[in-house]
1. Hey, which of these cross-link pairs are over 31 Å Cα-Cα: Lys81/Lys127; Lys153/Lys178; Lys127/Lys167; Lys66/Lys123?
2. In region 1-126, if the dipole is taken from +1 on Lys/Arg beta carbons and -1 on Asp/Glu beta carbons about the Cα centre, which of Thr52, Ala36, Gly101 is farthest to the positive end?
3. Among the trypsin sites (Lys or Arg not before Pro) in region 142-208, which ones are in a DSSP loop with at most 13 other Cβ atoms within 10 Å of the Cβ? Mind listing them?
4. Where is the GNM fluctuation largest for the chain (alpha-carbon springs, 10 angstrom cutoff): Trp43, Trp128, Trp222?
5. Counting only protein heavy atoms and using a 1.4 Å probe, what share of the accessible area of region 132-269 belongs to carbon plus sulfur, as a whole percent?
6. Would you work out what percent of the accessible area of region 33-73, with all protein chains in place, is carbon or sulfur (probe 1.4 Å)?
7. Using the alpha carbons of region 89-134, what is the convex hull volume per residue in cubic angstrom, as a whole number?
8. Once the Cα gyration tensor of region 212-259 is diagonalised, what are the square roots of 5 times its eigenvalues, in whole Å and ordered largest first, as equivalent ellipsoid semi-axes?
Amino acid sequence: AYLTVSGQLSGEAYACALGDVYTFGPTFRAENSQTARHLAEFWMIEPEMAFTDVQGAMDNAEALMKFTVGAALERCAPDLKFCDQFYGDKVLVERLTGIAGDEPFLRLKYADAVELLAAEIAKDPSKWQFPDVEFGTDLATEHERWLAEVHAKGRCVFVYDYPRTIKSFYMRDNEDGKTVAAFDLLAPGVGELVGGSQREERKEALEAKMVEFGLDPADYWWYLDLRKYGSVPHAGYGLGFDRLVCYVSAIDNIRDSIPFPRYPGSADF
């Protein structure tokens, strides 16, 4: 038995049988991430949808964000005003109102995002902690925040079609052979809130990719079995619930968003 960072692979089995499903439960990180944005154990909302491509998954993630933030504004207005006054620099409610509004989130291909970042960094590389950005770079938080806060002018932005070399084996390859149908949702003030993709439904392509990535297909026999007699296009994503709580309430440190925070080197409760 193992702890998992995601219920996604099992969720795919349910989605292929039932249609649209979601899981909500604890997930785990093995990395030694000592940051204000990471926990070793956190809660994840993970929808998985049959007969859906990557664009449909982005549509669903956008609708979920708008509905959730809108509900918080409607039902928890006094609490949000309190958070705004003491933690949100008097811009929290305005920012959340913009997310919940009618204006759609910006959508930007990864290759275009890298070009924009490279041009901006070239103006003064000394302002950036990670000034080296090129196709294949795993974007850092400062890059994500610039895209959402400056380029998108305070809007949420989807970055999609990431290089296949920096994403997981189960993400569907695009026709160009260089990218996968994957996306991240970046929010002003925090960076990544959602990550998702269209899943690889072609059995032979999935097996070949497992081997390429150094994985043993025998370990994933049941996952491959979902595709043995054919499959359907399906996609999904994960939304970190604790990080969403931080974003909506202007909490700086994710360890303050959960009653019993567990992070590398600390699991007292």
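The values are calculated or read from the model by the stated rules, or taken from the named source; none is laboratory data. On a predicted model such as this, the values are computed, not experimentally measured, just so you know. Because the Cβ atoms are built from the backbone with ideal geometry, glycine has one as well, and the counts that use them run over all protein chains shown. Keep in mind that these areas ignore ligands, DNA and RNA; they rest on the heavy atoms of the full protein, side chains included. Shrake-Rupley method; radii C 1.70, N 1.55, O 1.52, S 1.80 Å.
1. As for pairs spanning more than 31 Å Cα to Cα, those are Lys81/Lys127; Lys66/Lys123.
2. Positive-most Cα among the choices belongs to Ala36.
3. Lys153
4. Taking springs between Cα atoms under 10 Å, the residue moving most is Trp128.
5. 50
6. Ligands and nucleic acids excluded, carbon and sulfur reach 68 percent.
7. Roughly 116 Å³ of hull volume per residue.
8. 38, 15, 9
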